[in-house]
1. Within 15 Å, Cβ to Cβ, of Lys174, how many net charges do the neighbouring residues add up to if Lys/Arg are +1 and Asp/Glu are -1?
2. Using only the alpha-carbon atoms, how far is helix 209-236 inclined from the longest principal axis of the chain? Give it as 0 to 90 degrees, nearest 10.
3. What residue among Val223, Val27, Val82 shows peak mean-square fluctuation when the chain is described by a Gaussian network model with Cα springs under 10 Å?
4. As a check on your grasp of the helix formula, calculate [θ] at 222 nm for the chain: sum -39500 (n - 2.57) over DSSP H runs of n ≥ 4, divide by the residue count, round to the nearest 500.
5. Semi-axes, largest first, in whole Å: what does sqrt of 5 times each Cα gyration tensor eigenvalue give for region 146-237?
6. Quick one: angle between helix 2-12 and the longest Cα principal axis of the chain, in degrees between 0 and 90, rounded to 10, please.
7. Run the numbers for Ile128 and Cys51: contour at 0.36 nm per residue of separation, minus the present Cα-Cα distance, in nm.
8. On the Cα set of the chain, report Rg and Dmax in Å, please.
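Computed from the coordinates by the stated procedures, all read-outs in this text should not be read as laboratory data. The shown structure was predicted, so the numbers you read here are calculated from the model rather than taken from an experiment. Cβ placement follows ideal geometry from the backbone for every residue including glycine, while neighbour counts extend to all protein chains displayed.
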Amino acid sequence: MADFVQLWVYLSSTPLFGLTATLLTYVVASLVYDRLHRAPWANPVLWSVVCIGATLLLTHTSYPTYFAGAQFVHVLLGPAVVALAWPLWLRRKELRKRGVQLTIAALVGGSAAVVSAVAIGWMLGLPIEVIRSLAPKSVTAPVAMGIAQSIGGVPALSAVFAVLTGMVGALSAKYLFDLLGIQSWAIRGFALGTASHGIGVARALQVNAEAGAYAGIALGLQVLLASLLIPFAFSWF
């Protein structure tokens, strides 16, 4: 027990804590996820966030101390996003044929996400800064933060909304698709990528390669369209 306490004191005071906690938690969560036949509610990203957040609260560890080590994993986010281009490249001929349809679908889906969020926020009487932070909720978090800042929202709050949106989509999409009778992996993936950005893409890739490819193209289209159109729309209205 004394050795364990000494190890904990050492890890909690060095960057190794954040790195070790992140990798260990995600590996365990992924093993449980596989044992449960990849049930949506057992999403390893969700439970990793819950477990690490609880650990930081219980041990009174500050986020900067944790992130000093977790940043080594954070750096891999860039290459991981770039790697999404590979399944798209494998289906390049099919994507060329459906380019116009996919762009229109992305525009309609993204518009629905923005308009519904802003309308609900307005009906609930939320402050205008919160409504502006809600608008880019279906765009991946780093881009959502930049959009929120450009339209007068709160970047940190927009990142929280984006993560929550991604989690809700990854957890509920399967049941919603089944309820609607949607069987096409391409449609499932594209819808998930449109509504739930990177977290939705990760879920789609875990389930089916074709769904993951279409989720990736949806994510890319949403980033491009939202970055151009949301600031324009808010400046116009």
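1. Working: positive: Arg38, Arg188, Arg203; negative: Asp178.
For residues surrounding Lys174, the net value is +2.
2. 70
3. Most flexible of the set in this elastic network: Val82.
4. -27000 deg cm²/dmol
5. On the way: eigenvalues 141, 37, 25 Å².
After scaling each eigenvalue by five and taking roots: 27, 14, 11 Å.
6. Tilt relative to the chain: about 40 degrees.
7. Details: separation 77, 0.36 × 77 = 27.72 nm, distance 3.30 nm.
Gain on stretching Ile128 to Cys51: 24.4 nm.
8. According to the Cα coordinates of the chain, Rg and Dmax are 19.3, 65 Å.
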